[in-house]
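Note sheet for the following structure.
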Amino acid sequence: MVRSIPMVEQKLRVTLLSGRTIEQGVGKEQGKSSSLYFEACSMVYMDRGDMKKLGLRNGDKVQVTTPQGAVVLKAVKYLRGATPGLIYVPYGPWANAVCSDATTSIGMPSFKGTPAEVEPAPDKPVLTMEELLKSEFGR
């Protein structure tokens, strides 16, 4: 009997959303250099089926790429329902690395609806806030 091996996609086109989470808010109150803030913000919620398409398990590292940049994050299964084609990155420096800073004259950047690609990044590190800021701004 020949087993069929499921095809795993290399990259997945998705729509990026960003916003507040309770964990991000609690981490922010503890301090943006705290491990709690790092854990709460350096991750991306993904649909269980989308993770399966990429061959990912909960906690695996992925690279999220948008026209604004790229960042490596920890993939976490979104448990509240199916959200195929959507990813969610909590507000913070990691989201800022891939969201546009254009305000289009309204005074607030758009953190919703950014086209993105997600791909497995098992050999790339999730940068600390200090490392990320240094890579983004060179200081």
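None of the figures in this text is laboratory data; all of them are computed from the coordinates on show. The structure presented is a predicted model; accordingly, all values stated were derived computationally and were not measured. Backbone-built Cβ (ideal geometry, glycine too); neighbour counts: all protein chains shown.
Please compute the contact order of the stretch 9-139 in relative form: average sequence separation of alpha-carbon pairs under 8 Å and at least six residues apart, divided by the residue count, as a percent.
Details: 264 pairs, mean separation 46.8, N = 131.
After rounding, I find 36 percent.
Which of rounded, prolate, oblate describes the stretch 1-89, given a ≥ b ≥ c as roots of the alpha-carbon gyration tensor eigenvalues and a/c under 1.5 marking rounded, otherwise prolate only if a/b is larger than b/c? Let's see the in-between values first.
Values: a/c = 2.27, a/b = 2.01, b/c = 1.13.
It is prolate, given that a/c is not under 1.5 and a/b is the larger ratio.
Of MET51, PRO122, VAL98, whose Cα points farthest to the positive end of the dipole of the chain (charges on the beta-carbon: +1 Lys, Arg; -1 Asp, Glu; origin at the Cα centre)?
Positive-most Cα among the choices belongs to MET51.
Whole-Å semi-axes of the stretch 28-139's equivalent ellipsoid, largest first, each the root of 5 times a Cα gyration tensor eigenvalue? Walk me through the intermediate numbers first.
Numbers: eigenvalues 94, 63, 39 Å².
Values for the stretch 28-139, descending: 22, 18, 14 Å.
In this model, which of LYS53/LYS134; LYS28/LYS52; LYS61/LYS134 are farther than 29 Å apart at the alpha-carbon?
On the way: LYS53/LYS134 33 Å; LYS28/LYS52 31 Å; LYS61/LYS134 20 Å.
Over 29 Å Cα-Cα: LYS53/LYS134; LYS28/LYS52.
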